[in-house]
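For reference, the structure is listed below as structure tokens.
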Amino acid sequence: MHSDLIRHDAINDLIDALSPLASQAKVENSYWIVTPDGEYLSDNGNEWCYDCGSAKVRNLRKHDRKRADEYILDGGWVSEHDTPPMCAHCGVKLRASLLFYGGTYELDHFRENPPEPGNVDHAYEVSEMLSALQYTKEDDAYLAREAMEIARKLIEQPNDPALKALEARDG
Ligand SMILES: [Zn+2]
């Protein structure tokens, strides 16, 4: 497998370096709602954290008592995504295995909005971006290199607010 893909080994080290921060980000397991008429879709997406998904299922059952037991909260495991998923109700980040496209999506974002040192959510998102770009085609290797550069800068930047204030004043 992966014979036509390049593996970017340095990505593992960067993910390790980010993990003390990234592991502090609030991330929940992802659930979805099965109904008698198919998967439940909301305007904000169709994935939920456990609490919001459970509340939504209770609500749907209440409005369709005859078929109440056909409404089920399913999921709770990690699945593959093209974009980073969020809960349709509360917006909390949901666990996912981000595919290559998802990595480039995050890269587009961080290219315009560099991640902030010390920000646990940014550290998490950067490490998700890195894992999505760990294997690339040769033509796409520059994307992985760019993602690694963003991660390196984030890791090397001083995290101390006093230092940052000084830099802002001097810079
Ligand atoms: Zn939620």
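The values are calculated or read from the model by the stated rules, or taken from the named source; none is laboratory data. Keep in mind that this is a model prediction, so the values were computed, not measured. FYI the Cβ positions are ideal-geometry reconstructions off the backbone, even for glycines, and counts take in every protein chain you see.
State all residues of the stretch 1-40 that are among the hydrophobic types (A, V, I, L, M, F, W, C) and farther than 18 Å from A96 by Cβ; if no residue qualifies, say none.
M1, L5, I6, A10, L14, A17, L21, V34
For the stretch 1-47, give me each residue that is among the charged types (D, E, K, R), assigned to a loop (DSSP other than H, G, I, E, B) and within 16 Å of the ligand (Cβ to nearest atom).
K26, D43, E47, listed by residue number.
Looking only at the stretch 48-66, count every residue that is outside any helix (DSSP H, G or I) and acidic (D, E) and tell me the total.
1
Is it true that D121 is modelled with pLDDT of 95 or more, within 16 Å of the ligand (Cβ to nearest atom) and part of a helix (DSSP H, G or I)?
yes
Give the residue that is surrounded by the most Cβ atoms within 10 Å (Cβ to Cβ), with candidates limited to residues of the stretch 72-93 that are under 24 Å from F110 (Cβ atoms) and away from the ligand (no atom under 16 Å from the Cβ).
H81
Which one of these does L94 not meet: (1) farther than 18 Å from H122 by Cα; (2) in contact with an Asp or Glu (Cβ under 6 Å, 6 or more places away or on another chain)?
Evaluating L94 over (1) farther than 18 Å from H122 by Cα; (2) in contact with an Asp or Glu (Cβ under 6 Å, 6 or more places away or on another chain) leaves (1) as the failure.
Those residues that are near the ligand (Cβ under 10 Å from one of its atoms) and in contact (Cβ under 8 Å) with a residue 24 or more places away in the chain, I need them from the stretch 54-70; list them, please.
A55, K56
Within the stretch 105-118, which residues are crowded, with 21+ Cβ neighbours inside 10 Å and either over 17 Å from the mean Cα position of the chain (by Cα) or outside any helix (DSSP H, G or I) (or both)?
Matches in the stretch 105-118: P115 only.
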